[in-house]
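The values are calculated or read from the model by the stated rules, or taken from the named source; none is laboratory data. Keep in mind it's a predicted model, so treat the numbers as computed, not measured. Methodologically, a virtual Cβ is constructed for each residue, glycine included, from the backbone with ideal geometry; neighbour enumeration extends over all protein chains shown. The accessibility values were calculated without ligands, DNA or RNA, using every heavy atom of the protein model including side chains. Shrake-Rupley method; radii C 1.70, N 1.55, O 1.52, S 1.80 Å.
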Amino acid sequence: MGTYSDSLYGDVGIVKQGDALAFRWQSMTQPLTHWHLDQFRGKFVLGQDLQLNFRIDGAGKVAGVDVEGLGTFNRKRSSP
């Protein structure tokens, strides 16, 4: 879970929705289902398939998320 940013598309959020994860971008929130390892899938605008691949850093934390068809979003650092 967290907020990820891309210079072209802005911020996306990965949020908890019930017992699952959801993808939040602009005014839409779409549920995600686990696909394989660090990959999740869902539906995008007008039913278009959505695939997310989480990038894990050397410490085992999520460093970013690659959203197929949109781009690469890097984790935003929290303000102190």
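Percent relative contact order of the stretch 16-80, based on C-alpha pairs within less than 8 angstrom and at least six residues apart? Don't skip to the end; give the middle numbers.
Details: 91 pairs, mean separation 10.3, N = 65.
Across the stretch 16-80, relative contact order equals 16 percent.
Taking amide hydrogens as modeled 1.01 Å from N in the peptide plane, which residues meet the under 5 Å criterion relative to Phe44, leaving out close sequence neighbours?
Amide H neighbours of Phe44, under 5 Å, 5+ apart: Asp49, Leu50.
Out of Lys16, Lys61, Lys43, any idea which swings most in a Gaussian network model of the chain, alpha carbons joined below 10 Å?
Per the Cα network of the chain with a 10 Å cutoff, Lys61 tops the list.
Roll a 1.4 Å probe over the protein chains and send me the accessible area per residue for the chain in Å². Before the final figure, lay out each step's value.
Working: 5400 Å² over 80 residues.
Computed with neighbouring chains in place, this is 68 Å² per residue.
First select every other residue whose beta carbon is under 14 angstrom from the beta carbon of Tyr9; then total the charges, Lys and Arg +1, Asp and Glu -1. Present the calculation step by step, with values, prior to reporting the outcome.
Numbers: positive: Arg24, Lys76; negative: Asp6, Asp11, Asp66, Glu68.
Local net charge: -2.
Of the heavy-atom accessible surface of the chain (probe 1.4 angstrom), what whole percent is carbon and sulfur?
Numbers: 2730 of 5400 Å².
Within the chain, the accessible surface is 50 percent carbon and sulfur.
Working from the alpha-carbon coordinates of the chain, get Rg over Rh, Rh being the Kirkwood radius. Could you put the intermediate results ahead of the total?
Numbers: Rg = 12.1 Å, Rh = 12.8 Å.
Rounded to two decimals, Rg over Rh is 0.94.
Please list Met1, Met28 from largest to smallest accessible area, probe radius 1.4 Å, with all protein chains kept in place.
Working: Met1 130, Met28 30 Å².
Largest to smallest exposure gives the sequence Met1, Met28.
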